[in-house]
Amino acid sequence: MAFERWTPRQDHTKQEELLLGRLRRTRKLFAFLRDHRQELFDHAFQEELESMYRDTGAGQDPVPPALLAMIVLLQSYLGVSDAEAVELTVVDLRWQMVLDRLSATTPACGQGTLGDFRARLIRTNMDRRLLERTVELARQTKSFDWKKLPKNLRVAIDSSPLLGAGRVEDTINLLGHAARKVVECAADLLGWTSDRTAREAGIPALLEASVKRAMDTEWSDPIAKVEALNTLVRQLDSLDAWLRRKLPEELGQPPLKGHLETLVQIRTQDLEPDPDGGGGGGTRIREGVAAERRVSIEDPEMRHGRKSKSKRFNGYKRHIATDLDTDLILACAVTPANRPEEEAAPILKADLERQGRRLAELHVDRGYIASPVVDDILADGGEVICKPWVPRNGKLFTKADFKINMRDRTITCPSGEVEHIDLGADVEFDPQTCARCRLRAKCTTAASGNGRTISIADDELLQHKLRKLMSTSRGRERLRERVAIEHRLAHLGRRQGTRARYRSTRKNLFDVRRAAALLNLEVIDRRIVESLPFLSAA
Ligand code: SF4
């Protein structure tokens with residue numbers, strides 16, 4: 001599809017001068033985007049964006065993709081919906097100035113065009129290029145003195161919670177919600193109303209807006225709750241049997257197939273046979289939580305996660321990799337909240353490698369230390385900076401009270417006894433020596449005939465180095481460098497909000513990358529302003 005290239009004017013009109021003067025006080029990024037739009041969307045990048053339309057695009061408005069990309073950025077900057085973004089292109093002077101449409105009386109694009117553009121960005125991974133482009137722009141604007149910066153990358157990785165956009169429901173409501181989707185879909189296929197379909201299918205629990213209201217039960221009474229659950233399960237069985245008779249062919253095809261699979265998923269993950277069900281056949285809510293428990297019908301990918309031992313959340317984790325020397329965010333990843341941090345590290349590393357710089361130093365918290373990326377960096381001669389695990393053992397001697405010699409592969413206890421160690425294995429001190437030891441009461445509560453044991457980790461060598469690092473002032477200073485990424489995550493949270501704008505991991509990754517791109521542009525803007533006195537002095 002042929003596009004007219006976006007070639008916004010460079011010189012300022014009087015109206016723009018006036019607007020820019022006001023925007024230097026607040027919402028400064030509008031001014032930055034006005035003055036750097038041509039560098040950000042240079043011809044090469046515009047060509048890349050246009051390549052997203054090579055497959056198809058017939059019937060779409062021929063809006064330059066670079067203009068749409070700018071709208072996508074402005075949308076994130078103000079946190080507005082697609083409908084608002086489209087309106088703002090015609091009613092907000094700041095948007096019009098950035099988009100080079102100050103005299104326009106019609107929107108820059110339709111809502112459908114904007115949604116289609118976002119889908120293409122995601123499909124072609126061009127949202128990653130948008131983020132990379134901000135890093136390239138930082139190099140081009142010379143706002144950083146790259147010659148003085150280290151040749152290799154010093155990167156910090158960390159994550160923060162992103163609450164899911166889907167509604168989180170308890171088991172009864174999840175079952176009701178999933179069943180309602182099935183019934184609505186069947187009603188559509190049959191050309192019936194949902195109420196008629198629910199009645200015919202034998203699931204009257206769906207005749208009210210809320211399943212709990214329809215079942216009219218005292219939900220705080222455990223016995224009444226079990227009875228109500230079993231009534232609902234019987235109605236779900238009735239729905240299943242009715243669909244097999246009424247729509248046997250549609251059962252195996254979308255969209256009905258997908259809705260039924262969701263209902264089966266909820267039943268499987270949340271229900272189990274009740275051993276006290278009286279004669280068998282009873283059902284109860286599962287004890288404990290299934291590992292990959294779905295918590296929302298609307299967003300199938302969001303999960304339960306933990307901020308800490310006591311704080312839980314539902315949704316995703318947003319991970320970023322930040323250049324410690326420039327403050328620029330270089331890569332982003334999003335994972336369901338239940339996934340361990342270490343899973344995001346290879347994704348971030350792959351994106352960093354695309355930028356052609358060697359990763360020489362990685363600053364992480366302990367959640368990422370088990371990632372294979374850590375081994376890769378160490379094998380490549382790089383450094384990993386992380387707080388070591390702190391050994392705990394109540395009031396008894398901890399592992400820290402034992403001297404580990406990694407070169408000799410030995411461990412020496414507080415009483416001077418020496419044992420050989422193997423990585424990833426427990427070492428036990430001689431039981432007879434421990435039995436005679438005057439320090440035994442302070443060392444171990446092992447049963448008679450057993451000596452003190454110490455676990456030697458697979459990554460003991462790294463932990464040993466980290467403990468040594470932590471023991472020096474310079475080392476602790478290096479560990480504190482990671483604070484910079486906590487600030488970046490706080491900025492990202494303010495820009496993007498704490499709740500996800502979209503449903504699904506991939507769409508939220510797009511949103512995180514977009515917010516990160518904006519933060520990078522703000523960093524560049526700040527650096528340019530900071531460098532101005534030096535430039536004028538020169
Ligand atoms: S109890 Fe055993 S391991 Fe502990 S200090 Fe005594 S000899 Fe060493």
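The values are calculated or read from the model by the stated rules, or taken from the named source; none is laboratory data. Remember, it's a predicted structure, so these values are computed and weren't measured experimentally. Using ideal geometry, Cβ is built from the backbone for each residue, glycine included, and neighbour counts are taken over all protein chains shown.
Is it the case that some residue within the stretch 410-417 is under 23 Å from residue 479 (Cβ atoms) and in a loop (DSSP other than H, G, I, E, B)?
No, because not a single residue in the stretch 410-417 is under 23 Å from residue 479 (Cβ atoms) and in a loop (DSSP other than H, G, I, E, B).
Is it the case that the stretch 466-488 has a residue that's surrounded by 18 or more Cβ atoms within 10 Å (Cβ to Cβ) and at pLDDT 95 or above?
yes
Which one of the conditions (1) buried (at least 17 other Cβ atoms within 10 Å of the Cβ); (2) under 30 Å from residue 192 (Cα atoms); (3) of a type in the set (A, V, I, L, M) does residue 241 fail to meet, given that it meets all the rest?
Tallying (1) buried (at least 17 other Cβ atoms within 10 Å of the Cβ); (2) under 30 Å from residue 192 (Cα atoms); (3) of a type in the set (A, V, I, L, M), residue 241 fails exactly one: (1).
Quick one: would you say residue 417 is in contact with a strand residue (DSSP E or B) (Cβ under 8 Å, 6 or more places away or on another chain), surrounded by 14 or more Cβ atoms within 10 Å (Cβ to Cβ), without any contact (Cβ under 8 Å) to a residue 60 or more places away in the chain and not basic (Lys, Arg)?
Criteria not met by residue 417.
Could you list, in sequence order, the residues of the stretch 347-360 that are among the acidic types (Asp, Glu) and at pLDDT below 95?
353
Return the pair list, or none, for Cβ contacts closer than 7 Å from residues in the stretch 425-438 that are free of Cβ contacts under 8 Å to residues at least 12 places away in the same chain and closer than 20 Å to residue 409 by Cα to residues that are among the aliphatic types (A, V, I, L, M) and more than 6 Å from the ligand (Cβ to nearest atom), at least 6 apart or on different chains.
Cβ pairs passing all conditions: none.
Restrict the check to the stretch 387-401 and report whether at least one residue is within 16 Å of the ligand (Cβ to nearest atom), crowded, with 16+ Cβ neighbours inside 10 Å and not in a helix (DSSP H, G or I).
For the stretch 387-401, residues within 16 Å of the ligand (Cβ to nearest atom), crowded, with 16+ Cβ neighbours inside 10 Å and not in a helix (DSSP H, G or I): present.
Please specify each residue of the stretch 350-380 satisfying the condition of being without any contact (Cβ under 8 Å) to a residue 24 or more places away in the chain and either within 16 Å of the ligand (Cβ to nearest atom) or within 30 Å of residue 133 (Cβ to Cβ) (or both).
Matches in the stretch 350-380: 350, 353, 356, 377, 380.
From 476, 440, which residue is in contact with a helix residue (DSSP H, G or I) (Cβ under 8 Å, 6 or more places away or on another chain), away from the ligand (no atom under 16 Å from the Cβ) and over 25 Å from residue 344 (Cα atoms)?
The match here is 476.
Got at least one residue in the stretch 334-355 being within 17 Å of residue 168 (Cα to Cα) and among the small types (Gly, Ala, Ser)?
Yes: one or more hits.
Just to check your reading of the model, which residue among 350, 360, 435 is part of a helix (DSSP H, G or I), surrounded by 12 or more Cβ atoms within 10 Å (Cβ to Cβ) and within 26 Å of the chain's Cα centre (by Cα)?
After ruling out the rest, the residue left standing is 350.
Please go through (1) without any contact (Cβ under 8 Å) to a residue 24 or more places away in the chain; (2) of a type outside the set (A, V, I, L, M, F, W, C); (3) touching a Leu at 6+ places or on another chain (Cβ under 6 Å) for residue 245 and return the number of the only condition it doesn't satisfy.
With respect to (1) without any contact (Cβ under 8 Å) to a residue 24 or more places away in the chain; (2) of a type outside the set (A, V, I, L, M, F, W, C); (3) touching a Leu at 6+ places or on another chain (Cβ under 6 Å), residue 245 is out only on (3).
Answer yes or no as to whether residue 507 is surrounded by fewer than 15 Cβ atoms within 10 Å (Cβ to Cβ) and either without any contact (Cβ under 8 Å) to a residue 24 or more places away in the chain or assigned to a helix (DSSP H, G or I) (or both).
no
How many residues does the stretch 451-464 contain that are assigned to a loop (DSSP other than H, G, I, E, B) and more than 10 Å from the ligand (Cβ to nearest atom)?
Adding up the residues that qualify gives 4.
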